[in-house]
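The structure appears below as structure tokens.
The values are calculated or read from the model by the stated rules, or taken from the named source; none is laboratory data. Since the model is a prediction, treat every value here as computed from it, not as a measurement. For neighbour counting, all protein chains shown are included, and Cβ atoms are generated from backbone atoms with ideal geometry for every residue, glycine included. Surface accessibility is based on the protein's heavy atoms, side chains included, excluding ligands, DNA and RNA. Shrake-Rupley method; radii C 1.70, N 1.55, O 1.52, S 1.80 Å.
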Amino acid sequence: MNNNSPLREGIGVCGWILVSISFLLVVITFPFSIWACIKVVREYERAVVFRLGRILPKKSKGPGLILILPCTDTFIRVDLRTVTCTIPPQEILTKDAVTTQVDGVVYYRIHSAVSAVANVTDVHSATFLLAQTTLRNVLGTRSLAQLLAGREEIAHGIQDILDSATEQWGIKVARVEIKDIRIPVAMQRTMAAEAEAAQEAKAKVVAAEGERNASKALKQASVVLADSTAGLQLRYLQTLTTLAAENNSTIVFPLPINMFENLGQKNRGG
């Protein structure tokens, strides 16, 4: 801060005369004047003291007891606790021309009481309006897919912008959260249909892969069974056992062709 800053300028000769008179009145009317001079500042508050309209060239006062001269000094209490700023739903046109409604929450606190009082008329209103504008500007540069998938990244970007813009107001932005993203009902149906189609395509790919693996296994099994006639017969019997255990119905039992050939030869021989 340079030497020409209002915080460094004196109050002048007349100002010091008025301060001296005020101090003299306090001394004359003591101890009754003590009740008008002593103020209590809570732990989470700070007091910005003005003397003849100028901020005292020191930091904000408090917490605890502070001394105020009557007639010449006034003070403003500043709350340093974290403030929750709810951003109402903002209608935003995304980069890919989709209309959405987005709302959010900004958590911030005042870290410099003097800056919050001297540099802006209403620090809370200014922060609220800036948060609304920043939210619309940032989200307008993103597509709907980026908006849905990158909430945390977008929130961090908004926080950095707000923190940089409100630094001169004595504001520290602690956190930004995007609460909800509302899209039109027609777009919701389209996205649901697209997701369902993607799931069906994925299921078909998995089923085809299973069929391919099963066909390979059957091919290998057929090669093994072709080399062993007894193994083929055992497989027949195993299949009959399974059918009999599951369903009590008529069972068609396949007989080997060579058995009929042997029977035919015996009949001709007889």
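Quick notes on this one:
- Between segment 129-184 and segment 40-91, the Cα center-to-center distance that results, in Å: 29
- Mean Cα-pair separation over length for segment 40-84, i.e. relative contact order, pairs under 8 Å, 6 or more apart, %: 50
- On full extension, the segment bounded by LEU65 and ASN119 gains 16.9 nm, given 0.36 nm per residue less the C-alpha separation.
- Spacing of the two label points (7 Å from each Cα toward its C-beta) at VAL27 and ALA203, in nm: 9.3
- Under the simplified labelling scheme, the VAL223-GLN101 pair shows an inter-label distance of 6.5 nm, with each label point 7 Å from Cα along Cα→Cβ.
- Heavy-atom SASA rank of VAL40, VAL173, VAL117 (probe 1.4 Å, accessible area, largest first): VAL40, VAL117, VAL173
- A crude spin-label estimate for the pair TYR44 and THR74, with each label 7 Å from Cα along the Cβ direction, gives 2.7 nm.
- Kirkwood Rh (inverse of mean 1/r, distinct Cα pairs), segment 109-169, angstrom: 12.7
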